[in-house]
Amino acid sequence: MPVETWLIFTLGFMIFGSIVALELKDILSSIIAIGVVGLGVSMSFLFLQAPDLAIVQFLFEIFALIILVRAFIGKENHQLEASPTNRILTVIGILAVLVLFIVSIPVFKLLPPFGEPLMNVSQHYLDAGATETGAANLVASVILDYRAYDTLGEVTVLFAAILGVFAILRSTAKHKAAGGSHE
Amino acid sequence: MTVYLLCFALFLVGLYGVLAKRDLIKIILSIGIMGYAANLFLILFGYKRGATFPILTGANPGPMVDPLPQALVLTSIVIELGTTALLVALVVRLFQKYGTFDIAKIRRLRG
(Lines give C-alpha, C1' and ligand atoms only; values in the text may rest on other atoms or scores of the structure.)
Protein backbone atom coordinates (compact mmCIF):
# COMPACT_ATOMS: atom_id res chain seq x y z
CA MET A 1 0.00 0.00 0.00
CA PRO A 2 1.45 3.44 -0.87
CA VAL A 3 2.37 5.75 1.96
CA GLU A 4 -0.25 8.34 0.99
CA THR A 5 -3.08 5.97 1.88
CA TRP A 6 -1.73 5.50 5.39
CA LEU A 7 -1.16 9.24 5.74
CA ILE A 8 -4.67 10.13 4.59
CA PHE A 9 -6.05 7.64 7.11
CA THR A 10 -3.99 8.99 10.02
CA LEU A 11 -4.63 12.63 9.07
CA GLY A 12 -8.38 12.04 8.89
CA PHE A 13 -8.20 10.29 12.25
CA MET A 14 -6.31 13.26 13.71
CA ILE A 15 -8.79 15.83 12.35
CA PHE A 16 -11.66 13.81 13.80
CA GLY A 17 -9.86 13.51 17.15
CA SER A 18 -9.18 17.24 17.26
CA ILE A 19 -12.81 18.12 16.60
CA VAL A 20 -13.90 15.66 19.29
CA ALA A 21 -11.39 17.17 21.74
CA LEU A 22 -12.60 20.70 21.08
CA GLU A 23 -16.30 19.89 21.34
CA LEU A 24 -16.34 17.60 24.40
CA LYS A 25 -17.66 19.10 27.61
CA ASP A 26 -15.54 17.05 30.01
CA ILE A 27 -12.04 18.51 30.24
CA LEU A 28 -10.27 15.23 31.13
CA SER A 29 -11.75 13.55 28.05
CA SER A 30 -10.60 16.34 25.79
CA ILE A 31 -7.06 16.23 27.21
CA ILE A 32 -6.96 12.48 26.52
CA ALA A 33 -8.33 13.05 22.99
CA ILE A 34 -5.50 15.50 22.34
CA GLY A 35 -3.08 12.81 23.53
CA VAL A 36 -4.55 10.43 20.94
CA VAL A 37 -4.06 13.08 18.24
CA GLY A 38 -0.41 13.44 19.28
CA LEU A 39 0.09 9.69 19.02
CA GLY A 40 -1.37 9.94 15.50
CA VAL A 41 1.32 12.53 14.71
CA SER A 42 3.93 10.12 16.07
CA MET A 43 2.61 7.34 13.81
CA SER A 44 2.68 9.66 10.80
CA PHE A 45 6.33 10.43 11.53
CA LEU A 46 7.02 6.69 11.43
CA PHE A 47 5.34 6.40 8.02
CA LEU A 48 7.38 9.37 6.79
CA GLN A 49 10.70 7.65 7.73
CA ALA A 50 11.49 9.82 10.75
CA PRO A 51 12.04 7.46 13.71
CA ASP A 52 13.84 10.06 15.89
CA LEU A 53 10.90 12.40 15.57
CA ALA A 54 8.42 9.65 16.38
CA ILE A 55 10.23 8.93 19.66
CA VAL A 56 10.47 12.63 20.60
CA GLN A 57 6.81 13.21 19.76
CA PHE A 58 5.83 10.22 21.91
CA LEU A 59 7.79 11.63 24.87
CA PHE A 60 6.31 15.09 24.28
CA GLU A 61 2.83 13.55 24.37
CA ILE A 62 3.48 11.87 27.72
CA PHE A 63 4.94 15.02 29.31
CA ALA A 64 2.18 17.27 27.94
CA LEU A 65 -0.48 14.86 29.24
CA ILE A 66 1.14 14.82 32.70
CA ILE A 67 1.42 18.62 32.81
CA LEU A 68 -2.15 19.22 31.65
CA VAL A 69 -3.74 16.60 33.91
CA ARG A 70 -1.71 17.73 36.92
CA ALA A 71 -2.66 21.37 36.36
CA PHE A 72 -6.33 21.09 35.51
CA ILE A 73 -7.70 18.04 37.27
CA GLY A 74 -10.09 18.82 40.11
CA LYS A 75 -10.94 22.22 38.64
CA GLU A 76 -13.97 21.04 36.75
CA ASN A 77 -16.39 23.56 38.21
CA HIS A 78 -16.13 25.66 35.12
CA GLN A 79 -19.13 24.61 33.05
CA LEU A 80 -19.54 27.58 30.75
CA GLU A 81 -23.17 28.56 30.32
CA ALA A 82 -24.31 28.77 26.71
CA SER A 83 -24.96 32.28 25.48
CA PRO A 84 -26.07 33.74 22.12
CA THR A 85 -22.64 35.35 21.74
CA ASN A 86 -21.11 31.90 21.91
CA ARG A 87 -23.21 30.61 19.03
CA ILE A 88 -22.43 33.67 16.88
CA LEU A 89 -18.71 33.18 17.60
CA THR A 90 -18.92 29.53 16.54
CA VAL A 91 -20.65 30.38 13.25
CA ILE A 92 -18.18 33.19 12.48
CA GLY A 93 -15.25 30.91 13.33
CA ILE A 94 -16.44 28.09 11.05
CA LEU A 95 -17.10 30.55 8.20
CA ALA A 96 -13.70 32.21 8.54
CA VAL A 97 -11.91 28.84 8.57
CA LEU A 98 -13.82 27.61 5.50
CA VAL A 99 -13.05 30.79 3.54
CA LEU A 100 -9.37 30.51 4.48
CA PHE A 101 -9.33 26.86 3.32
CA ILE A 102 -10.90 27.64 -0.07
CA VAL A 103 -8.68 30.67 -0.66
CA SER A 104 -5.50 28.72 0.09
CA ILE A 105 -6.12 25.80 -2.30
CA PRO A 106 -4.29 27.53 -5.24
CA VAL A 107 -1.26 28.05 -3.00
CA PHE A 108 -0.96 24.31 -2.41
CA LYS A 109 -1.06 23.72 -6.18
CA LEU A 110 2.14 25.76 -6.53
CA LEU A 111 4.10 23.55 -4.13
CA PRO A 112 6.24 20.69 -5.45
CA PRO A 113 4.19 17.47 -5.46
CA PHE A 114 4.28 15.10 -2.51
CA GLY A 115 7.28 12.77 -2.60
CA GLU A 116 9.57 14.96 -4.71
CA PRO A 117 11.36 17.45 -2.43
CA LEU A 118 13.78 20.09 -3.68
CA MET A 119 16.73 19.09 -1.40
CA ASN A 120 19.28 21.68 -2.56
CA VAL A 121 21.17 22.04 0.70
CA SER A 122 20.39 18.70 2.27
CA GLN A 123 21.88 16.68 -0.57
CA HIS A 124 25.26 17.86 0.68
CA TYR A 125 24.40 16.71 4.20
CA LEU A 126 23.45 13.28 2.86
CA ASP A 127 26.55 12.93 0.69
CA ALA A 128 29.22 14.36 2.98
CA GLY A 129 27.64 14.13 6.43
CA ALA A 130 29.29 10.86 7.42
CA THR A 131 32.80 11.87 6.36
CA GLU A 132 32.59 15.44 7.69
CA THR A 133 31.04 14.75 11.10
CA GLY A 134 31.53 11.03 11.66
CA ALA A 135 27.94 10.46 12.76
CA ALA A 136 25.94 7.57 11.37
CA ASN A 137 22.65 9.30 12.20
CA LEU A 138 22.47 12.24 9.80
CA VAL A 139 19.74 14.00 11.79
CA ALA A 140 22.10 14.05 14.77
CA SER A 141 24.88 15.36 12.54
CA VAL A 142 22.63 18.25 11.48
CA ILE A 143 21.43 19.26 14.94
CA LEU A 144 24.77 18.80 16.70
CA ASP A 145 27.25 19.89 14.02
CA TYR A 146 25.95 21.77 10.98
CA ARG A 147 23.25 23.66 12.84
CA ALA A 148 24.62 23.59 16.39
CA TYR A 149 23.83 27.28 16.97
CA ASP A 150 20.20 26.48 16.29
CA THR A 151 20.28 23.88 19.07
CA LEU A 152 21.93 26.41 21.38
CA GLY A 153 19.08 28.82 20.64
CA GLU A 154 16.56 26.05 21.34
CA VAL A 155 18.07 25.38 24.75
CA THR A 156 18.03 29.11 25.48
CA VAL A 157 14.33 29.36 24.62
CA LEU A 158 13.56 26.31 26.76
CA PHE A 159 15.52 27.82 29.68
CA ALA A 160 13.64 31.12 29.31
CA ALA A 161 10.31 29.27 29.26
CA ILE A 162 11.15 27.35 32.46
CA LEU A 163 12.29 30.59 34.14
CA GLY A 164 8.97 32.13 33.10
CA VAL A 165 7.02 29.22 34.61
CA PHE A 166 8.81 29.64 37.94
CA ALA A 167 8.38 33.42 37.89
CA ILE A 168 4.64 33.10 37.23
CA LEU A 169 3.95 30.33 39.72
CA ARG A 170 5.98 31.87 42.58
CA SER A 171 3.49 32.53 45.34
CA THR A 172 5.32 35.16 47.42
CA ALA A 173 7.03 38.34 46.30
CA LYS A 174 10.78 38.32 46.73
CA HIS A 175 11.43 41.82 48.15
CA LYS A 176 8.31 42.72 50.03
CA ALA A 177 9.84 45.55 52.01
CA ALA A 178 11.59 47.15 49.05
CA GLY A 179 8.58 47.39 46.70
CA GLY A 180 5.87 50.04 47.01
CA SER A 181 2.96 47.65 46.59
CA HIS A 182 1.47 45.99 49.67
CA GLU A 183 -0.48 43.24 47.94
CA MET B 1 -1.59 17.45 -2.75
CA THR B 2 -4.33 15.71 -0.79
CA VAL B 3 -2.07 15.13 2.20
CA TYR B 4 -1.00 18.79 2.20
CA LEU B 5 -4.62 19.91 2.18
CA LEU B 6 -5.57 17.49 4.97
CA CYS B 7 -2.65 18.74 7.04
CA PHE B 8 -3.80 22.32 6.46
CA ALA B 9 -7.32 21.29 7.49
CA LEU B 10 -5.86 20.01 10.78
CA PHE B 11 -4.21 23.41 11.27
CA LEU B 12 -7.53 25.13 10.57
CA VAL B 13 -9.30 23.00 13.19
CA GLY B 14 -6.83 24.43 15.70
CA LEU B 15 -7.39 27.95 14.37
CA TYR B 16 -11.13 27.50 14.76
CA GLY B 17 -10.61 26.48 18.38
CA VAL B 18 -8.53 29.58 19.09
CA LEU B 19 -11.09 31.84 17.42
CA ALA B 20 -14.36 30.43 18.69
CA LYS B 21 -13.78 28.77 22.07
CA ARG B 22 -14.13 30.69 25.32
CA ASP B 23 -12.54 28.08 27.58
CA LEU B 24 -8.85 28.78 28.24
CA ILE B 25 -7.97 25.06 28.45
CA LYS B 26 -9.55 24.49 25.03
CA ILE B 27 -7.49 27.39 23.67
CA ILE B 28 -4.27 25.77 24.97
CA LEU B 29 -5.25 22.49 23.30
CA SER B 30 -6.01 24.33 20.03
CA ILE B 31 -2.56 25.93 20.03
CA GLY B 32 -1.15 22.42 20.49
CA ILE B 33 -3.12 21.18 17.46
CA MET B 34 -1.75 24.02 15.34
CA GLY B 35 1.76 23.06 16.44
CA TYR B 36 1.20 19.41 15.45
CA ALA B 37 -0.02 20.45 12.00
CA ALA B 38 2.92 22.80 11.38
CA ASN B 39 5.49 20.16 12.38
CA LEU B 40 3.80 17.47 10.31
CA PHE B 41 3.63 19.74 7.26
CA LEU B 42 7.39 20.33 7.32
CA ILE B 43 8.06 16.60 7.49
CA LEU B 44 5.56 15.89 4.69
CA PHE B 45 7.39 18.44 2.58
CA GLY B 46 10.74 16.69 3.05
CA TYR B 47 9.53 13.17 2.24
CA LYS B 48 11.06 11.49 -0.80
CA ARG B 49 9.23 8.61 -2.42
CA GLY B 50 10.90 5.25 -1.90
CA ALA B 51 13.61 6.65 0.35
CA THR B 52 14.64 5.35 3.76
CA PHE B 53 15.33 7.08 7.08
CA PRO B 54 18.58 9.14 7.14
CA ILE B 55 20.66 6.75 9.23
CA LEU B 56 23.66 5.06 7.60
CA THR B 57 23.45 1.33 8.14
CA GLY B 58 25.60 -0.22 5.41
CA ALA B 59 28.40 0.68 3.08
CA ASN B 60 26.21 1.54 0.11
CA PRO B 61 23.13 3.53 1.20
CA GLY B 62 20.18 4.00 -1.10
CA PRO B 63 18.19 7.25 -1.40
CA MET B 64 17.39 8.84 1.95
CA VAL B 65 14.76 11.39 3.03
CA ASP B 66 15.68 14.99 3.79
CA PRO B 67 17.39 15.19 7.23
CA LEU B 68 17.18 18.99 7.53
CA PRO B 69 13.43 19.40 8.29
CA GLN B 70 13.65 16.44 10.66
CA ALA B 71 16.39 18.16 12.68
CA LEU B 72 14.54 21.49 12.80
CA VAL B 73 11.22 19.86 13.75
CA LEU B 74 13.02 18.00 16.54
CA THR B 75 13.97 21.45 17.89
CA SER B 76 10.45 22.72 17.38
CA ILE B 77 8.81 19.87 19.32
CA VAL B 78 11.01 20.51 22.35
CA ILE B 79 10.26 24.25 22.26
CA GLU B 80 6.56 23.43 22.02
CA LEU B 81 6.78 21.58 25.34
CA GLY B 82 8.25 24.70 27.01
CA THR B 83 5.57 26.90 25.47
CA THR B 84 2.81 24.58 26.65
CA ALA B 85 4.22 24.60 30.19
CA LEU B 86 4.34 28.42 30.17
CA LEU B 87 0.74 28.68 28.93
CA VAL B 88 -0.45 26.20 31.57
CA ALA B 89 1.30 28.23 34.28
CA LEU B 90 -0.38 31.44 33.08
CA VAL B 91 -3.81 29.79 33.04
CA VAL B 92 -3.35 28.29 36.52
CA ARG B 93 -2.45 31.74 37.81
CA LEU B 94 -5.48 33.31 36.12
CA PHE B 95 -7.70 30.63 37.69
CA GLN B 96 -6.29 31.43 41.13
CA LYS B 97 -7.08 35.11 40.66
CA TYR B 98 -10.48 35.01 38.94
CA GLY B 99 -11.86 31.56 39.77
CA THR B 100 -12.92 30.86 36.19
CA PHE B 101 -11.55 29.70 32.84
CA ASP B 102 -14.01 31.79 30.80
CA ILE B 103 -12.23 34.48 28.82
CA ALA B 104 -15.42 36.50 28.61
CA LYS B 105 -15.29 36.93 32.40
CA ILE B 106 -11.57 37.65 32.72
CA ARG B 107 -11.78 41.29 31.82
CA ARG B 108 -10.37 43.25 34.71
CA LEU B 109 -6.73 43.46 33.75
CA ARG B 110 -5.65 45.50 36.74
CA GLY B 111 -3.34 44.48 39.53
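The values are calculated or read from the model by the stated rules, or taken from the named source; none is laboratory data. Keep in mind it's a predicted model, so treat the numbers as computed, not measured. Glycine gets a Cβ as well: all are built from the backbone with ideal geometry, and neighbour counts include every protein chain shown. Only protein heavy atoms, including side chains, enter the accessible area calculation; ligands, DNA and RNA are left aside. Shrake-Rupley method; radii C 1.70, N 1.55, O 1.52, S 1.80 Å.
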For chain B, one quarter of the surface area of the C-alpha convex hull, expressed in nm², comes to 9.0 nm²
With at most 15 other Cβ atoms within 10 Å, longest stretch of chain B clear of loop trypsin sites (Lys or Arg not before Pro) (DSSP): B:50-104
Of B:Gly17, B:Gly99, B:Gly58, which is the most mobile in a GNM of chain B whose springs link Cα atoms less than 10 angstrom apart? B:Gly58
Each residue of the stretch A:28-42 in turn: what ³J(HN,Hα) in whole Hz from Karplus with 6.51, -1.76, 1.60 and θ = phi - 60°, glycine and Pro shown as x? 5, 5, 6, 5, 5, 5, 5, x, 5, 4, x, 5, x, 4, 4
Only loop residues by DSSP count here, and only those with at most 10 other Cβ atoms within 10 Å; note down the GluC sites (Glu not before Pro) in the stretch A:1-81 that meet that. A:Glu81
What do you get for Rg/Rh of the stretch A:1-91 when both radii come from the Cα atoms and Rh is the Kirkwood radius? 1.08
Rounded to the nearest percent, how much of the accessible area of the stretch A:1-74 (1.4 Å probe, protein heavy atoms only) is carbon and sulfur? 81 percent
Chain pair B, A: how much accessible area is buried, both chains summed, with a 1.4 Å probe, in Å² to 100? 8000 Å²
Note down the magnitude of the dipole of the protein assembly as shown about its Cα centre, charges +1 on Lys and Arg C-beta and -1 on Asp and Glu C-beta and zero elsewhere, to the nearest 20 debye. 1420 debye
Which length gain, in nm to one decimal place, applies between A:Leu59 and A:Leu118 when the Cα-Cα distance is subtracted from 0.36 nm times their residue separation? 18.2 nm
Exposed trypsin sites (Lys or Arg not before Pro) absent - longest run of chain A, DSSP non-H/G/I/E/B, at most 12 other C-beta within 10 Å: A:26-169
